[in-house]
Amino acid sequence: MSQQSPGHGLGVAPGRLVRRAVAGLATAGALLFAWWFVTNPAALPTRDGHVTAVTAAGRPVYVGVWSAGADFDRELHVDGVHLRADATVAVTLEPLLCRGGSVGVTSDPEPFCRALLDPAGATLGPGDSIVVRVVGEEPGALYLDRPAIAFREGPRWGKREAGTEAVLAILTP
């Protein structure tokens with residue numbers, strides 16, 4: 001028969017327990033950092049102030065709210081553009097991607113954009129911009145917050161505000 005000395009039973013040695021705890025904490029920390037990195041892309045450029053526009057009821061107006069200048073060195077795969085507005089009347093808002101150009105305020109964006117398309121699923125890069133098509137059927141006013149762009153950039157993804165705000169007056173035709 002074998003004999004055991006007192007105090008030497010089965011168990012975990014104190015050194016092994018500390019190593020496991022440190023390895024577990026390091027793994028949890030690395031996973032948290034990776035999650036934070038992937039879900040927090042760099043901010044997009046914003047601008048103080050606002051764009052002002054006036055249009056007649058029933059007539060669409062196109063308002064440029066964000067432009068990625070020629071020096072914009074990022075490529076964004078846009079999942080969508082989210083708009084929030086406060087208005088005194090019912091309005092229709094449609095975000096659009098202006099490919100290869102930018103718009104201030106206009107009733108016809110065609111001369112300023114090589115293409116005008118739905119931003120969801122598109123790639124946004126240098127020289128592109130986000131335009132909002134606004135139509136109000138009755139006279140009133142509209143305050144449009146900065147757009148929030150949901151996008152992927154490499155392994156990172158998120159939603160960030162960009163550009164500027166807009167104030168619109170919709171007048172009687």
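Overview of values
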quantity: Residue count for region 14-63, restricted to those that are assigned to a strand (DSSP E or B) and within 16 Å of the chain's Cα centre (by Cα); calculated: 2
quantity: Selection from region 137-166 of residues that are part of a strand (DSSP E or B), of a type outside the set (Lys, Arg), open to solvent by 30 Å² or more (accessible area, probe 1.4 Å) and under 22 Å from PRO119 (Cα atoms); calculated: TYR143, GLU153, TRP157, GLU161, GLU165
quantity: Odd one out for LEU93, checked against (1) open to solvent by less than 60 Å² (accessible area, probe 1.4 Å); (2) within 27 Å of GLU153 (Cβ to Cβ); (3) touching a residue at least 60 places away in the same chain (Cβ under 8 Å); (4) assigned to a strand (DSSP E or B); calculated: (3)
quantity: Residue match in region 64-75 (condition: assigned to a strand (DSSP E or B), modelled with pLDDT of 95 or more and over 30 Å from TRP35 (Cα atoms)); calculated: yes
quantity: Region 57-86, subset open to solvent by 60 Å² or more (accessible area, probe 1.4 Å) and free of Cβ contacts under 8 Å to residues at least 60 places away in the same chain, residue farthest from ALA162 (Cα to Cα); calculated: ASP86
quantity: Filter pass, GLY24 being touching a Ser or Thr at 6+ places or on another chain (Cβ under 8 Å) and at pLDDT below 95; calculated: no
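The values are calculated or read from the model by the stated rules, or taken from the named source; none is laboratory data. Please read these numbers as outputs of a predicted model, since none were measured by experiment. For neighbour counting, all protein chains shown are included, and Cβ atoms are generated from backbone atoms with ideal geometry for every residue, glycine included. The protein model used for the area step is the full one, side chains on, heavy atoms only, and it has no ligands, DNA or RNA in it. Shrake-Rupley method; radii C 1.70, N 1.55, O 1.52, S 1.80 Å.
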